[in-house]
Structure formats: structure tokens, C-alpha cells
Amino acid sequence: MAYIERTYSVEALEGVRGERPRDRMKFYLSPSVAGYCARKLYLLLTGQAEDEADLRLRHIFRDGEIHEEAYAALLRAAGVEVLGEQVPADVAELPEVSPSEFVESGRCLICGEAVFENALHGHMDFLVVNPETARPEVIDHKAVSTAHFEKVLRNARDRARDELFRNVKPYLVQLGLYMVTLSGAGSLVLPDSGRVVFDDLDEVGGALIYKNKNNGAQMEVRFRYVRSEDRLELNEVAVRGADSGDPERVERIFLGYAIPGFHRKVSTRLARVREAAEGRLDARELPADSWQCAYCRVREACERVFLGAVYRSAREHSEIEPDEELRRLMAEDHRLAMEILRLENLREAVRERLRRACERLPEGGVYVAKVPEGRLILTVGRRTSRSVDLSRLPPEELEQVLELNREYGFIRETVSYYPVVRLVRENRGDSPRKSKRNTASLRLVRGATNPGS
Ligand code: SF4
């Protein structure tokens with residue numbers, strides 16, 4: 001095996017680090033999964049699906065932890081009092097259950113703390129003292145991909161509120177539940193004081209820090225939870241290092257957002273999942289969060305268990321006994337749909353390779369290749385985008401930025417290719433000999449010099 005594979009590959013590094021307790025944890029209900037689709041929770045709780053993190057995913061988690069560690073260092077350097085990191089927290093799942101009524105049933109493999117029945121056990125990223133209010137508050141840090149970050153920002157810019165809150169729902173529910181805990185409906189384990197219940201806090205603050213781990217851009221969304229009203233609401237948002245368009249517009253879409261009865265709603269939802277898992281409720285009554293289906297890791301099990309009723313409630317279905325022709329047509333339609341899917345996947349892979357092959361061409365344009373069947377016409381669109389939008393800068397600033405860029409090279413340019421291929425059949429009059437002679441030629445029609453020259 002090559003040295004680099006033995007030494008620096010993710011597999012080799014994971015091997016050195018060894019398995020961690022987190023990797024051995026079985027699925028359990030916790031704040032970090034409480035915002036998942038109810039059907040997914042049911043499938044995982046009943047063992048009909050597994051959501052084990054593979055090596056690639058474990059590496060992504062580890063990556064997130066490193067960003068978190070960096071953030072902790074920043075908080076401390078800025079003088080923020082950090083009461084704890086990865087603070088074990090138990091939130092009462094049902095509002096009327098007080099923490100003292102919890103029953104000890106086992107210990108968490110990550111923190112070693114007792115896990116209680118009827119409680120959601122999790123770990124807050126940071127519990128800090130807010131420097132302005134001098135009150136404790138929760139921070140949850142999420143280091144996400146550029147694609148995810150941009151999607152959230154785009155939805156905020158475009159005021160696509162439903163989309164926006166769907167994107168962040170699991171994170172929002174997780175943070176909200178920690179805020180509920182902090183307000184007294186649960187207990188925390190602090191490094192110095194042991195298990196504590198802050199039952200004198202009616203209003204609790206919390207912040208969701210979204211970091212684009214590729215370029216450091218950050219979005220900070222601040223929340224407030226009012227225990228007496230069981231109300232979670234957003235009260236501030238700030239975007240740094242990314243183009244948020246009109247900041248006031250972004251702020252407005254976030255600011256009108258509130259979830260009245262937050263703890264009760266989450267509890268009721270989870271109670272129904274438990275009921276279904278214990279066979280006291282027909283699992284088909286659990287709603288399908290169809291917006292999560294596209295990237296759901298238990299989709300196969302879901303389609304098997306819920307008979308493909310992924311997009312609608314099973315209550316809308318009618319069982320039928322198809323006659324011979326209907327059965328045959330349904331089966332044929334399904335076979336063709338699967339075949340189209342297989343071909344689409346195949347085509348996507350070919351297009352990806354074609355895009356890379358186009359990088360060898362000198363520039364965008366139209367290229368013609370003779371083949372035995374006729375002529376293949378390849379049209380290549382090419383677009384260059386910059387990480388910094390220079391078009392908005394006044395001329396004097398533009399010159400300064402370009403000067404700095406010559407020295408530090410911080411402006412990244414990305415070239416994208418959009419190839420389209422068509423086949424034009426030769427006239428029937430063409431002799432096979434002539435077609436054969438031209439098989440290998442590639443000719444530029446416009447827009448570029450011949451790549452072969
Ligand atoms: S496939 Fe869709 S409905 Fe099924 S568990 Fe996943 S998200 Fe829920």
C-alpha cells in the first residue's frame with residue numbers, strides 16, 4: 001500500500017484515533033434528533049432502519065468538532081465566560097414532568113451521566129454567561145458545507161420562509177430544547193457544580209452559530225424562550241463574511257418567527273412516536289416530512305414499511321385488487337421508471353466526466369466531431385465566477401483590491417463548464433468510406449482555436 005494511504009488517509013487516521021464511545025452509541029431520542037421526520041424516528045426506534053455513521057460521516061462530525069473547538073477558543077479569547085462545553089443536559093420530554101421525577105435507567109456513553117426515562121438526554125455545545133445581561137445562555141455551533149450555508153442564506157434573501165425554517169428545523173428544535181432545559185424544565189451537569197436546575201429563569205437566550213466551514217462566513221441567529229408562555233422566538237440575526245443582500249430584509253424574515261407552545265408541540269410529537277413504537281398507535285398516522293425525503297438515509301426502509309407512502313399520509317390510501325391489465329401496466333410503468341432512473345444516473349456520471357474533459361478545451365465554443373453515424377456537436381458554455389463581486393466596487397477601491405489581490409491572491413476564480421451534445425445524422429448520400437475517413441477529426445466551428453493545434 002502506498003505510504004500516503006497508510007499514513008495520511010482518513011482510514012489510517014481513523015484507525016489511529018480508534019473507535020470513540022460516540023461511535024458505539026445506539027440510537028436514542030435526544031434533542032439533536034427531535035426535529036427529524038416522525039417516521040424516521042419511528043423506524044430508528046423500532047430498529048427497522050439504522051442510521052449508523054459511516055467513516056465519511058464520522059469524519060464530517062470530527063471536522064465539525066474541530067470548528068467548535070476553534071470557536072470555544074475565540075469565545076474565551078474575547079473574554080466570554082464559558083461555563084461548560086458539551087454540557088450534559090436532560091430536558092423533560094413532557095412539560096408536566098419535573099426533573100425530580102425522572103427515573104435513572106442507565107448511563108450515557110459520551111459523558112458518563114445517568115440518562116433518565118421520560119427525558120431527552122443531549123449535550124449543549126456551550127453554556128456561557130452573556131456578557132451584556134450576565135445571564136446564562138446556550139450556544140449551538142454548526143459548521144456546515146457551502147451548499148447548505150448558501151441554501152439557508154438564499155432562502156433568507158428570497159424570503160422563502162417555509163423553506164428557510166425547514167432547512168434549519170432539526171437545529172432549531174435542538175437549540176430550543178436546550179433553552180427549555182435551561183429555563184428549568186430539566187437539569188444540566190456543570191463541570192464544577194454538578195447537576196443543577198435553573199428554575200428561576202423565565203426568559204432564556206440562545207444563539208445558533210452557522211459557520212460555512214469552507215470560507216469562514218458566519219450567520220448568527222439569536223433566540224429567546226419564555227417559559228411562562230412556552231414560546232420560542234427569534235430576536236436577532238447577523239450575517240458576516242457573506243453577501244446577505246439587503247440585511248434588513250434578511251432580518252425581517254427571521255424576526256417575525258415564533259413558535260408558541262414550543263415545548264408542548266415537540267413533546268406531543270415525540271409522545272406519538274413513542275406510542276407508535278410501542279404499538280399503541282398505528283404508525284401510518286405519523287406524518288411524513290416529505291421535504292426531508294430527498295436526502296433521507298432511511299428512505300429505503302420507509303418505503304418498505306410505509307408501502308411507499310412517503311409523500312402523503314397513509315390514511316389517504318385505498319387498498320385495491322388490480323385486474324390483470326392494471327397490474328401489468330403498473331409493473332411495466334414501474335420497470336420503466338427504474339430504467340429511466342438508472343439511465344439518468346449513468347448520464348449524470350458521463351456528463352461529469354464530459355465537464356472535466358471540456359476543461360482541456362481552450363475556451364467555450366462549438367466543436368464538431370465526425371463519427372460513423374454523422375456529426376456530434378458539442379456546445380460548451382463556460383462561466384467564470386469570482387469569490388468577490390468586483391462589479392459593485394467604485395473604481396478607486398477596485399484598483400486597491402486588485403493590487404492587494406496581486407500580493408495575497410485571496411480572490412478565487414471558479415470556471416464552470418456546461419456541455420451539450422447533439423447528434424446530426426449524415427445525409428443518406430454520404431459514402432461509408434467518407435464517414436470513416438472523418439471519424440477522428442474534431443473541428444472548431446466558432447469561438448476557439450482548434451484544441452488539437
Ligand atoms: S423517507 Fe421521508 S417520510 Fe420517510 S422517514 Fe425519510 S423523511 Fe420521513
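So which pairs qualify, if the first residue must be in segment 318-343 and within 19 Å of Leu307 (Cα to Cα), the second must be small (Gly, Ala, Ser), the Cβ gap must be under 9 Å, and the two must be at least 6 apart or on different chains?
Between residues of segment 318-343 that are within 19 Å of Leu307 (Cα to Cα) and residues that are small (Gly, Ala, Ser), there is no close pair.
Regarding Ala34, is this residue more than 24 Å from Gly279 (Cα to Cα), surrounded by 14 or more Cβ atoms within 10 Å (Cβ to Cβ), in contact with a helix residue (DSSP H, G or I) (Cβ under 6 Å, 6 or more places away or on another chain) and modelled with pLDDT of 85 or more?
No, not satisfied.
Among the residues of segment 263-291, what is the count of those that are away from the ligand (no atom under 16 Å from the Cβ), in contact (Cβ under 8 Å) with a residue 40 or more places away in the chain and either within 17 Å of Leu307 (Cα to Cα) or surrounded by fewer than 20 Cβ atoms within 10 Å (Cβ to Cβ) (or both)?
Selection size over segment 263-291: 3.
Quick check: is even one residue across segment 63-78 of a type in the set (Ser, Thr, Tyr), assigned by TED's automatic domain parsing to the domain that holds Val138 and in a helix (DSSP H, G or I)?
Within segment 63-78, one or more residues are of a type in the set (Ser, Thr, Tyr), assigned by TED's automatic domain parsing to the domain that holds Val138 and in a helix (DSSP H, G or I).
The values are calculated or read from the model by the stated rules, or taken from the named source; none is laboratory data. All values reported here derive from a predicted model rather than from experimental measurement. Here Cβ is always computed from backbone atoms with ideal geometry, including for glycine, and neighbour counts include all displayed protein chains.
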